[in-house]
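Before any comments, here is the structure.
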């Protein structure tokens, strides 16, 4: 089972990882399916969403300030409740 991890990082750690130089992805309120072909790390700058894995795991909520890692191979449904803006990086 591929688990999504969500945590909060201190500003120092965010800078150390170079997160603010990663590309930005933005999406309006919507609902869609997604498959992660590679592991993705991201930092939610703005917005709120629920991500529901299709393998039976519990849905997770993400919002501004969350550092999230989506494992390669994860199939899920994204439901964006407030427009999302995130920095992302494929690892």
Being in contact with a strand residue (DSSP E or B) (Cβ under 7 Å, 6 or more places away or on another chain) and surrounded by fewer than 18 Cβ atoms within 10 Å (Cβ to Cβ) is the filter; apply it to region 72-83 and report the residue that is nearest to residue 25 (Cα to Cα). 83
Unmet requirement for residue 56, which otherwise passes all of (1) over 12 Å from the mean Cα position of the chain (by Cα); (2) closer than 13 Å to residue 91 by Cβ: (2)
Restrict the check to region 60-71 and report whether at least one residue is surrounded by 15 or more Cβ atoms within 10 Å (Cβ to Cβ), within 10 Å of the chain's Cα centre (by Cα), at pLDDT 95 or above and outside any strand (DSSP E or B). yes
Looking at this structure, is residue 56 at pLDDT below 95 and surrounded by fewer than 17 Cβ atoms within 10 Å (Cβ to Cβ)? yes
Of the residues in region 1-37, those that are loosely packed, with under 11 Cβ neighbours inside 10 Å, in contact (Cβ under 8 Å) with a residue 12 or more places away in the chain and assigned to a loop (DSSP other than H, G, I, E, B) come to 1, 8, 23, 28, 37
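The values are calculated or read from the model by the stated rules, or taken from the named source; none is laboratory data. Quick caveat, the model's predicted, so the values are computed rather than measured. Here the Cβ is made from the backbone with ideal geometry for all residues, glycine too, and neighbour counts use every protein chain on show.
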